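> Just passing along the structure, written as structure tokens.
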Amino acid sequence: ARLVVLVSGSGTNLQALLDAIAAEGVDSYGAEVVAVGADREGIEGLERAERAGIPTFVCRVKDHGSRAEWDAALAEATAGYEPDLVVSAGFMKILGDEFLARFGGRCVNTHPALLPSFPGAHGVRDALAHGVRVTGCTVHFVDDGVDTGPIIAQGVVEVRDEDDESALHERIKEVERSLLVEVVGRLARHGYRIEGRKVRIP
Ligand code: GRF
């Protein structure tokens, strides 16, 4: 399967995918990253792609007259690489109607909380502030809501008394990276069906 990965920051989830593919080989893992897209320049996620010799593209909201135009441009740039699956891994923008019209049903996102709890851009901070004793991460299909699409897999992470946001987020990311690698590989190798809120992987 051809993957386009969308990033906005450090790209450690992207790196986990690249490392797994390099270790297992494209045929065995079942997928390859054909391009990496971002909403901003100068982030480590793009450097990781460049180091791996993978094409990159950047679509900045401010380069477009409206959010909808940005969304259409992102969809167009993504479509140019003919992905089978789009992976939003730390991509900090909401994918809009045009993007979902083209890639809905084959776009997965990873979120650092146990959805439906703590959706949005501050899932780790919100969980910590709420005082939960366990949190975790969720890999789900993207729908037209914010972090509301059908859940594929989740991983649980204990919250420690001494945790601050970054310590807890780092511990979540350890689980998140391996969960994302496992899920993307399964989707790529076995295919899947989305039945309402359920995801079936044969
Ligand atoms: C991940 O925890 C992702 O779920 C969240 O931001 C983090 C991105 O990490 N949206 P990285 O850029 O993959 O290192």
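The values are calculated or read from the model by the stated rules, or taken from the named source; none is laboratory data. No experiment lies behind these values; they were computed from the predicted model shown. Here the Cβ is made from the backbone with ideal geometry for all residues, glycine too, and neighbour counts use every protein chain on show. Just the protein is used for accessible areas: all its heavy atoms, side chains included, with ligands, DNA and RNA removed. Shrake-Rupley method; radii C 1.70, N 1.55, O 1.52, S 1.80 Å.
> With springs connecting C-alpha atoms under 10 Å apart, model the chain as a Gaussian network and identify which of HIS140, HIS169, HIS122 has the largest mean-square fluctuation.
HIS122
> Per residue, how much accessible surface does the chain expose to a 1.4 Å probe? Answer in Å², no decimals. It would help to have the intermediate numbers written out before the result.
On the way: 9350 Å² over 202 residues.
Solvent-accessible surface per residue comes out at 46 Å².
> Give, in whole angstrom and from largest to smallest, the semi-axes √(5λ) of the equivalent ellipsoid of the range 148-199, with λ running over the eigenvalues of the Cα gyration tensor. Can you show the working numbers first?
Details: eigenvalues 155, 35, 9 Å².
Each semi-axis is √(5λ); the values are 28, 13, 7 Å.
> Then there's this: Filter the DSSP H helices in the chain by two things, a Kyte-Doolittle mean of at least 1.6 and an axial alpha-carbon span of 30 angstrom or more, and list the hits by number. Don't skip to the answer; put the middle values down first.
Numbers: long enough: 165-190 (36 Å, -0.30).
Flagged H segments: there are none.
> Let me ask something else. Scan the chain and report its longest stretch carrying no trypsin sites (Lys or Arg not before Pro) that are both in a DSSP loop and have at most 14 other Cβ atoms within 10 Å.
On the way: sites that count: ARG60, ARG133, ARG160, ARG197.
The segment 61-132 is the longest one with no such site.
> Another question about this same structure. Quick one: give the max-minus-min coordinate of the C-alpha atoms of the range 68-182 along each principal axis, largest first, in Å.
That gives 46, 27, 21 Å along the principal axes, largest extent first.
> In vacuo Debye scattering of the range 35-109, one point per C-alpha: log10 I(q)/I(0) at q = 0.19, 0.21, 0.26, 0.28 Å⁻¹?
Results for the range 35-109 at q = 0.19, 0.21, 0.26, 0.28 Å⁻¹ read -0.78, -0.95, -1.41, -1.54.
> Would you give the gap between the C-alpha center of the range 80-140 and the C-alpha center of the range 172-186, rounded to a whole Å?
Their Cα centres are 13 Å away from one another.
> Same structure again: Would you compute, from DSSP H runs of 4+ residues alone, the mean residue ellipticity of the chain at 222 nm, taking -39500 (n - 2.57) per run and dividing by the full residue count, rounded to the nearest 500? If you can, show how the numbers build up before the last one.
Values: 7 runs with 79 residues, N = 202.
Taking each H run of at least 4 residues, the total per residue is -12000 deg cm²/dmol.
> Keeping the other protein chains in place, figure out the carbon and sulfur percent of the accessible area of the chain, with a 1.4 Å probe.
Values: 4540 of 9350 Å².
Taking all protein chains in place, the chain shows 49 percent carbon and sulfur surface.
> Rounded to the nearest 0.05, what FRET efficiency do SER178 and GLU82 give with R0 = 30 Å and r taken as the Cβ-Cβ distance? Could you check?
Values: r = 28 Å, r/R0 = 0.92.
Efficiency, from the Cβ-Cβ distance: 0.60.
> Ok, one more. Consider just the alpha-carbon atoms of the chain and return their Rg together with their Dmax, both in angstrom.
Expressed in Å, the Cα Rg and Dmax of the chain come to 16.2, 47.
> Still on this structure: Could you give the size of the charge dipole of the range 60-113 about its Cα centre, using +1 on the Cβ of each K and R and -1 on the Cβ of each D and E, expressed in debye and rounded to the nearest 20? Intermediate values should be presented prior to the final figure.
On the way: 6 positive and 8 negative charges, 46 e Å.
Its charge dipole is roughly 220 debye.
> Taking only Cα atoms of the range 71-112, what ratio of Rg to Rh do you get with Rh as the Kirkwood inverse-distance radius?
Numbers: Rg = 9.8 Å, Rh = 10.5 Å.
That ratio is 0.93, to two decimals.
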